[in-house]
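S.K.: Quick one: structure below, then a few questions.
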Amino acid sequence: MLSCKDISHLASDHIDDNLSLLMKIKVKFHLFICHKCRDFIKQFRTTVKVIHQINPLPADQEAIDLQVQNLIKAKQHIKPDDVDRS
Ligand SMILES: [Zn+2]
């Protein structure tokens, strides 16, 4: 099973739909059981959308990469006890 850290590393490919079928299933399963990662992916999608709205010509890849790195760093500070296993 994927860890929360795995999800943070796969978030960009997940949102861009660049994962294999098996990896998509693994990510979706993790998101099904972990509300922290669902919230993370939701925030991640919103951030990417806002960046594209602010700078639609063409996307500032450096700004996106910086935001992605900040989200990944923030996500990695979530303690394992914070993972929702219900
Ligand atoms: Zn998780």
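S.K.: Taking helices (runs of 4 or more DSSP H) that do not extend beyond segment 1-60, which have at least 3 residues that are within 19 Å of LYS73 (Cβ to Cβ) and within 15 Å of the ligand (Cβ to nearest atom)?
M.R.: Qualifying helices (runs of 4 or more DSSP H): 4-15, 35-54.
S.K.: Name the one entry in ILE41, ILE33, ILE15, ILE7 that is at pLDDT below 95 and of a type in the set (A, V, I, L, M).
M.R.: ILE15 is the lone residue from the list that is at pLDDT below 95 and of a type in the set (A, V, I, L, M).
S.K.: Consider only pairs whose beta carbons are under 6 Å apart and that are at least six residues apart or on different chains; among these, list those whose first residue lies in segment 1-24 and is on the phi < 0 side of the Ramachandran plot and whose second residue is in a loop (DSSP other than H, G, I, E, B).
M.R.: Note: pairs meeting the criteria are CYS4/VAL83; ASP13/LEU19.
The values are calculated or read from the model by the stated rules, or taken from the named source; none is laboratory data. Values in this document were obtained by computation on a predicted structure and should not be read as measured data. With ideal geometry, Cβ positions are generated from the backbone for all residues, glycine too; neighbour counts draw on all protein chains shown.
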